[in-house]
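Here is the structure we will look at, set down as structure tokens.
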Amino acid sequence: MFLLQIIPEKYISTIFSTAAIITGSLVGGLCSWIITKHSTKDNRRYDYNEKINKICENINIIRLDICNAIFQSIRTLKYFNNENSVNKYPIPINKDYSKVVASLTNKFELKEMSYIYQLYGIIETLNTHIKDLHYDDKQGCELIKQDCELFLKKLYGENFIKIIEIDIEETTYQELYDNELIKIDYREVLKKLDKNTCTKGYK
């Protein structure tokens with residue numbers, strides 16, 4: 001109070017106005033900082049969730065591609081003596097599968113990713129031969145048969161003959177890889193893909 005008494009009255013209002021402006025600026029700055037901080041945190045969380053969801057999506061794509069190739073290869077070899085048994089439609093796979101597989105870098109070892117690449121390489125060759133297949137093309141049909149055998153041998157080795165004997169219509173995808181017929185390394189890779197599958201958004 002003493003301080004206010006010695007300050008000329010004409011300056012008091014100016015001092016209060018200045019103090020109010022400074023206080024308002026400080027409060028406004030603090031609020032802006034808090035809002036920016038929370039916004040940045042939310043954006044980072046969103047970006048992280050989007051990245052995780054994209055990886056989950058890519059894993060699901062890989063599983064579906066491999067699953068389709070296994071079932072189609074078994075069907076082709078199982079009924080190959082039937083003239084209409086050869087699949088005349090390419091097995092659908094993601095065109096950017098190299099990028100899809102590369103996105104697994106933080107979850108899969110390089111060797112494991114190489115196993116997946118090798119499977120895609122065979123599927124690509126198979127699809128090329130299917131696209132080049134002509135009517136009554138016995139040589140082309142034989143190439144497709146060889147591709148299917150190569151694909152199943154990559155997974156099952158010499159046990160591919162036994163896997164062809166199963167009832168494909170009553171067998172699940174999990175049963176095709178979680179068994180004693182498949183090579184251990186591929187079994188572990190396919191099990192790992194299933195383990196990392198996401199059915200819902202990451203939280």
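The values are calculated or read from the model by the stated rules, or taken from the named source; none is laboratory data. Model, not experiment: these values are computed from the prediction. Methodologically, a virtual Cβ is constructed for each residue, glycine included, from the backbone with ideal geometry; neighbour enumeration extends over all protein chains shown.
Tabulated results
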| quantity | calculated |
| --- | --- |
| Residue within the range 78-93 that is over 30 Å from LEU181 (Cβ atoms), at pLDDT below 85 and among the polar types (S, T, N, Q) present | no |
| PHE151 vs. criteria more than 27 Å from the chain's Cα centre (by Cα) and within 22 Å of ILE62 (Cβ to Cβ) | no |
| Tabulated pairs, the range 106-117, first under 12 Å from LYS154 (Cβ atoms), second assigned to a helix (DSSP H, G or I), C-beta under 7 angstrom, 6+ apart or interchain | TYR115/ASP185; TYR115/TYR186; TYR115/VAL189; ILE116/ILE62; ILE116/VAL101; ILE116/VAL189; TYR117/VAL101 |
